[in-house]
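The structure appears right after this line, and notes come after that.
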Amino acid sequence: MNRMKTFDDIESALAQSYLGLLAAQPRRPLTLFAPRRIGKTFFLDHDLAPVAQQSGFLTIYADLWLNKSAPLEAINHALEEVLDTLQVPSSAVGRAAKTPVTKVSILGSGIELGEEPSPRPLPDKPALRLDALVTRLAAKYQGKLLLMLDEVQALADVPDGVDVIAALRAVLYTKRKVLHAVFTGSSQEGLAVLMTSVGSPMYQFAQILTFPSLGDDFLQPLANHFSKVHPGKQLDRAELRAVFMKVGFKPALMRDLVKAMSSEGITDVHLGLSRYVSSDAQMSLWGALLNGCSAFDQGVLVAVAQGLPPLSAQTLRELAAIPGANPTIGKVRTALSNLKRAGILTKAGAGTVVDDPLFAEYLAKRRIASRANAGKP
């Protein structure tokens, strides 16, 4: 493993194994499931894409949350960006070389040359445009393509989702000799609708894999880089493991924590976490999240953080303390849906939990009927 150059560098041995799976079953995309902020997007960009490029792939990345209401347009946009890069090199010399010559002079006589034939316009209909873009990319690159779709469950959230999924599956199947795909998803419910529901176009089409939480292969380089920045100082690996588990195995959060510790030069990881959680910046962030929710949604959120079954009679009694609440099971269900759409709550097993475990601890100290005040428990 190469040494880290900054705290933001990360490497993983998974990339090569995933490419091996794609090669062994070229007709089946891979779907990597894990909760949000476990490092899936970072893995695609910093691990899988470079390894795939070294193996001859042209990589195309699309975040389907970029356009939740029209995810197929987000995919097409990513394909068009890559196609434009291939057709119009970024350097001035490259652009000049691509500019067609329409007139030359031979022995003083001007001769007009016709313009180079251009392909017909891309179809307007997104499904047909997807097929045309993949066809042109394959012809232009003349090599293997790797399509990486982040948060693929967004395909199931649009009114015409079945048609969109069918179009994507058709293109992946018909172009299977040149087009491979890796999906990520952070919603068990969304992926179930998309991948495992009988009758869905994606039913049993993609292989679903659990994206593993990082371990010492991530923590040790962090500790090594800390010692490089602070000679003579070391971070205890057991403490790192314990805190990493406490923050939900979220690598971006762990990197931010170690960077904050590095700025102060402290080596006590638990102390570093305590200072990070109580910082003005963190309190302001959590306060802003709460202030974006209604009083009733906040009460439901606090109930979930405190481990109360959100639809239980006890929880309804607690929520009744919110002025003007008049809680019902229907109102609680609506609040849960609002909080899930906002990314604050997430599905975990048979229940629902707060996505950020540190935020959950902060919320658990609040009263269900209290109105949000940024930074105040």
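A few points about this structure:
- The criterion of at least 2 residues that are hydroxyl-bearing (Ser, Thr, Tyr), under 20 Å from residue 246 (Cβ atoms) and free of Cβ contacts under 8 Å to residues at least 12 places away in the same chain is met by none of the helices (runs of 4 or more DSSP H) falling completely within the range 274-369.
- Complete set of residues in the range 277-320 that are aromatic (Phe, Trp, Tyr) and within 27 Å of residue 261 (Cβ to Cβ): 286
- Taken together, the residues in the range 163-207 that are among the aliphatic types (A, V, I, L, M) and in contact with a Leu (Cβ under 8 Å, 6 or more places away or on another chain) amount to 13.
- Taken together, 104, 93 contain a single residue that is more than 24 Å from the chain's Cα centre (by Cα), assigned to a strand (DSSP E or B) and modelled with pLDDT under 90, which is 104.
- Scan the range 119-160 for residues that are farther than 22 Å from residue 191 by Cβ, assigned to a helix (DSSP H, G or I) and among the charged types (D, E, K, R) and the total you get is 4.
- Residue match in the range 308-330 (condition: assigned by TED's automatic domain parsing to the domain that holds residue 354, within 30 Å of the chain's Cα centre (by Cα) and not aliphatic (A, V, I, L, M)): yes
- When 169, 136 are screened for being surrounded by fewer than 19 Cβ atoms within 10 Å (Cβ to Cβ) and out of contact with any helix residue (DSSP H, G or I) (no Cβ under 9 Å at 6 or more places or on another chain), only 169 passes.
- Taken as a whole, the condition of being at pLDDT below 90, under 30 Å from residue 68 (Cα atoms), crowded, with 17+ Cβ neighbours inside 10 Å and under 30 Å from the mean Cα position of the chain (by Cα) does not apply to residue 297.
- Boolean, residue 54 is at pLDDT 85 or above, of a type outside the set (D, E, K, R) and on the phi < 0 side of the Ramachandran plot: yes
- Taking the range 219-273 as the range and being under 15 Å from residue 357 (Cα atoms), in a helix (DSSP H, G or I) and of a type in the set (Lys, Arg) as the test, only 246 passes.
- Any chance residue 212 is in contact with a Lys or Arg (Cβ under 9 Å, 6 or more places away or on another chain), of a type outside the set (A, V, I, L, M) and at pLDDT below 90: no
- Test for residue 290: is it among the hydrophobic types (A, V, I, L, M, F, W, C), within 30 Å of residue 331 (Cβ to Cβ) and surrounded by fewer than 18 Cβ atoms within 10 Å (Cβ to Cβ): no
The values are calculated or read from the model by the stated rules, or taken from the named source; none is laboratory data. Being a predicted model, the structure only gives us computed values, none of them experimental. All Cβ positions, even for glycine, are placed from backbone atoms using ideal geometry, and neighbour counts span all protein chains on display.
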